[in-house]
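What follows draws every value from the coordinates through simple rules; no lab data is involved. Everything numeric in this text was worked out from a predicted model, so none of it was measured. Here the Cβ is made from the backbone with ideal geometry for all residues, glycine too, and neighbour counts use every protein chain on show.
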Amino acid sequence: MLFKKKKEEVRSIDPSNLPRHIGVIMDGNGRWAKNRHLPRSAGHKAGADTFEKIVKYCDKIGIKAITAYAFSTENWNRPKAEVDNLMELLYNYLQMAEEKFAGTNIILRVIGDRSALSEKINKAIDHAIEITNGNTGIILNMALNYGGQDEIVRAARIAAEAVKNGEMTPEEITKEFLDKNMYTGDNPPVDLIIRPSGELRLSNFLLWQSAYAELWYSDINWPDFSEKDMERAIIDYQKRNRRFGKV
Ligand code: IPE
Ligand code: IPE
Ligand code: MG
């Protein structure tokens, strides 16, 4: 009897076929904490540590951009104590920007509606962005008070304003125009979206950009997500056949 030889497992990343831009929905902090009988805040703290680790790893392997979903437009609906805790965590992280970004080549950006964030946080964001200004490595988009629907509405309003002011015609509102007016307009296209924690939904993340992104999910809660898991996601991505509607 003939036995077909099992196809050899691909065990390492092919550097010539990296996803250019990865979106990560950093979910499962609460469940991680619950499993350990810890407060949700401990989960968010652990999630923040994972975030730093994964961004550095992505920069190291040559990913051009990463968008990390840190706070959605819907997350305001959580209990005030949790929202306050998340904002405090964010502020503390930004306060340590010198230390956090020293020796890295990360370019920090923030996407989302910053007008709802406190002045204190906005100042800290500006300062942190300034620190990474001269860097040339990975673009790190922190999605804060970010919603994909809001982002599309914002782009539509930019187009409407331009038409109203006679700067363009309605026919000039194209996919390319809207694409450029997303927060990620000058980033490489989003090739891969990762959602840990077992949920199978986008939760208002990168709705426009996900049109042809590859989706990858895992049951691991975000605080437990490791470099190895990111490697696994990229290897899986490299096995996908991206057809873009063609045969
Ligand atoms: C993600 O973890 C963090 C934010 C949404 C800010 P969650 O807090 O949503 O964790 P789960 O989904 O309750 O486990
Ligand atoms: C998505 O997670 C938002 C972030 C990770 C920042 P959620 O926990 O808010 O998503 P849902 O509510 O489960 O869809
Ligand atoms: Mg969640």
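The figures follow:
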{"quantity": "Cα lying deepest toward the dipole's positive end in the chain, options Gly62, Ile121, Met96, charges on Cβ", "calculated": "Gly62"}
{"quantity": "Debye, to nearest 20: dipole size of region 118-247, +1 on Lys, Arg Cβ, -1 on Asp, Glu Cβ", "calculated": "360 debye"}
{"quantity": "Base-10 log of normalised Debye intensity for region 30-73 (one unit scatterer per alpha-carbon) at q = 0.24, 0.30 Å⁻¹", "calculated": "-0.84, -1.00"}
{"quantity": "Share of alpha-carbon pairs per 5 Å distance bin for region 100-247, given as whole %", "calculated": "2, 8, 13, 16, 18, 19, 13, 7, 3, 2, 0"}
{"quantity": "Shape category assigned to region 1-134 from the gyration tensor of Cα positions, a/c cut at 1.5", "calculated": "oblate"}
{"quantity": "Thr169/Arg242 FRET efficiency (R0 35 Å; Cβ-Cβ; nearest 0.05)", "calculated": "0.55"}
{"quantity": "Cut-off 13 Å between beta-carbons: net charge of the residues surrounding Val55, Lys and Arg +1, Asp and Glu -1", "calculated": "+2"}
{"quantity": "Computed [θ] at 222 nm, deg cm²/dmol, the chain (DSSP H ≥ 4; -39,500 (n - 2.57); rounded to nearest 500)", "calculated": "-12500 deg cm²/dmol"}
{"quantity": "Residue-wise HN-Hα coupling along region 195-202, computed from phi with Karplus coefficients 6.51, -1.76, 1.60 (Hz; x: Gly, Pro)", "calculated": "10, x, 6, x, 7, 10, 8, 8"}
{"quantity": "Computed log₁₀ I(q)/I(0) - Debye formula, equal Cα scatterers, no solvent, region 183-241, q 0.21 Å⁻¹", "calculated": "-0.91"}
{"quantity": "Förster-model FRET efficiency, 25 Å R0, Asn17 and Glu199, C-beta, rounded to 0.05", "calculated": "0.35"}
{"quantity": "From phi via Karplus (6.51, -1.76, 1.60), per-residue ³J(HN,Hα) for region 73-90 in Hz, x at Gly/Pro", "calculated": "4, 8, 5, 5, 6, 7, x, 3, 4, 6, 4, 4, 4, 5, 5, 5, 4, 4"}
{"quantity": "At 0.890 mPa s and 25 °C, Stokes diffusion of the chain via Kirkwood alpha-carbon radius, µm² per second", "calculated": "126 µm²/s"}
{"quantity": "Region 144-220: trypsin sites (Lys or Arg not before Pro) in DSSP loop, at most 14 other beta carbons within 10 Å", "calculated": "Arg201"}
{"quantity": "Residue order, fewest to most beta carbons within 10 Å, for Val110, Val10, Val163", "calculated": "Val10, Val163, Val110"}
{"quantity": "Region 59-107: C-alpha gyration tensor shape, a/c 1.5 cut-off, then a/b vs b/c", "calculated": "oblate"}
{"quantity": "Whole-number Å³ per residue for the convex hull built on Cα positions in region 148-187", "calculated": "61 Å³"}
{"quantity": "Estimated dipole of the chain in Debye, rounded to 20 [Cβ of Lys and Arg +1, of Asp and Glu -1, Cα centre]", "calculated": "1040 debye"}
